[in-house]
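Engineer: Okay, here's the structure, questions in a sec.
The values are calculated or read from the model by the stated rules, or taken from the named source; none is laboratory data. All values reported here derive from a predicted model rather than from experimental measurement. Reconstructed Cβ throughout: ideal geometry from the backbone, glycine too, with neighbour counts over all protein chains shown.
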Amino acid sequence: MDLGCGFGWFCRWAREQGAAQVLGLDVLERMLAQAKASTADAAIAYERVDLERLDLPEARFGLAYSSLVLHYIEVAAPLRAQIHRALVPGGRLVFSMEHPIYAAPTRSGWSLDTEGGSAGPSIATLSKDPAGTIGTTLNLLIRSGFTIRHVEEFCPTAAQIAADPAPAEERERPMFLLVAAQR
Ligand SMILES: C[S@@+](CC[C@H](N)C(=O)[O-])C[C@H]1O[C@@H](n2cnc3c(N)ncnc32)[C@H](O)[C@@H]1O
């Protein structure tokens with residue numbers, strides 16, 4: 001299943017990689033309309049669902065995938081529990097999200113009202129980011145019963161920036177957090 005499937009590109013790619021059936025979930029009708037228009041495959045189903053009110057069948061999916069969606073979800077704990085329950089034992093959750101450090105307030109903003117003072121914020125104060133931290137993200141998975149398998153903090157390589165300078169700021173702080181976990 002693809003949580004927040006958008007235009008459904010991953011659903012189609014998963015089928016190309018051999019998935020028997022794929023379920024794409026998204027809350028926006030216009031995303032789903034485009035996904036359906038781009039898909040000619042009876043083994044891919046799309047459903048309009050708000051991930052904050054998800055009710056999935058138990059032990060049904062081998063892979064739960066989500067690309068750049070989970071940082072929008074406010075009720076994080078129930079969703080992680082739902083996903084864990086919906087995976088078969090050994091099933092994987094693989095997701096990307098906006099990196100908490102990228103979403104955190106700027107250094108100058110933090111230095112105004114944190115113990116970092118004029119020297120700037122300490123690591124501890126940066127971790128007060130209201131959008132969550134790497135720790136809260138990973139601990140939530142662990143508390144939901146997942147085993148963390150891999151964590152990646154995406155940064156473009158120097159060669160990639162030479163080819164396209166647009167993401168250069170991602171060299172200063174990672175923009176994306178990618179996590180693989182297992183039931
Ligand atoms: C940045 S797009 C990513 C789309 C797709 N996963 C991709 O990588 O191209 C975020 C998607 O999350 C969906 N989304 C945001 N909040 C959602 C919610 N509460 N329930 C379901 N989908 C949601 C949006 O409709 C949108 O399609």
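Engineer: What pairs come up if the first residue lies in the stretch 5-20 and is aromatic (Phe, Trp, Tyr), the second is within 16 Å of the ligand (Cβ to nearest atom) and part of a loop (DSSP other than H, G, I, E, B), and their beta carbons are under 7 Å apart, counting only those six or more places apart or on different chains?
Structural biologist: Once the first residue is aromatic (Phe, Trp, Tyr) and sits in the stretch 5-20, its partners that are within 16 Å of the ligand (Cβ to nearest atom) and part of a loop (DSSP other than H, G, I, E, B) give Phe7/Ser38.
Engineer: Looking at the stretch 38-62 only, could you name the residues that are closer than 20 Å to Ile73 by Cβ, charged (D, E, K, R) and at pLDDT 95 or above?
Structural biologist: Scanning the stretch 38-62 gives Glu47, Arg48, Asp50.
Engineer: For the subset of the stretch 1-42 comprising residues that are within 19 Å of Ala86 (Cα to Cα) and among the small types (Gly, Ala, Ser), which member is nearest to the ligand (Cβ to nearest atom)?
Structural biologist: Gly4
Engineer: Anything in the stretch 43-59 that is closer than 17 Å to Val88 by Cβ, out of contact with any Gly (no Cβ under 9 Å at 6 or more places or on another chain) and more than 14 Å from the ligand (Cβ to nearest atom)? List them, or say none.
Structural biologist: Result: Pro57, Glu58.
Engineer: Here are the criteria: (1) over 13 Å from the mean Cα position of the chain (by Cα); (2) within 23 Å of Glu98 (Cα to Cα). Tell me which single one His71 does not satisfy.
Structural biologist: Of (1) over 13 Å from the mean Cα position of the chain (by Cα); (2) within 23 Å of Glu98 (Cα to Cα), only one is false for His71: (1).
Engineer: Looking only at residues in the stretch 2-51 that are under 21 Å from the mean Cα position of the chain (by Cα) and at positive phi, which one is surrounded by the most Cβ atoms within 10 Å (Cβ to Cβ)?
Structural biologist: Only one residue fits best here, namely Gly8.
Engineer: Looking only at residues that are within 12 Å of the ligand (Cβ to nearest atom) and over 13 Å from Asp2 (Cβ atoms) in the stretch 60-76, which one is surrounded by the fewest Cβ atoms within 10 Å (Cβ to Cβ)?
Structural biologist: Glu74
Engineer: Pick from the stretch 135-154 the residues that are out of contact with any Leu (no Cβ under 8 Å at 6 or more places or on another chain) and assigned to a helix (DSSP H, G or I): which of them is surrounded by the fewest Cβ atoms within 10 Å (Cβ to Cβ)?
Structural biologist: Gly135
Engineer: Which residues, counting only those in the stretch 35-93, are of a type in the set (D, E, K, R) and without any contact (Cβ under 8 Å) to a residue 60 or more places away in the chain?
Structural biologist: Going through the stretch 35-93, the residues of a type in the set (D, E, K, R) turn out to be 36, 41, 47-48, 50, 52-53, 55, 58, 60, 74, 80, 85, 92.
Lys36, Asp41, Glu47, Arg48, Asp50, Glu52, Arg53, Asp55, Glu58, Arg60, Glu74, Arg85 - these are the residues of the stretch 35-93 that are of a type in the set (D, E, K, R) and without any contact (Cβ under 8 Å) to a residue 60 or more places away in the chain.
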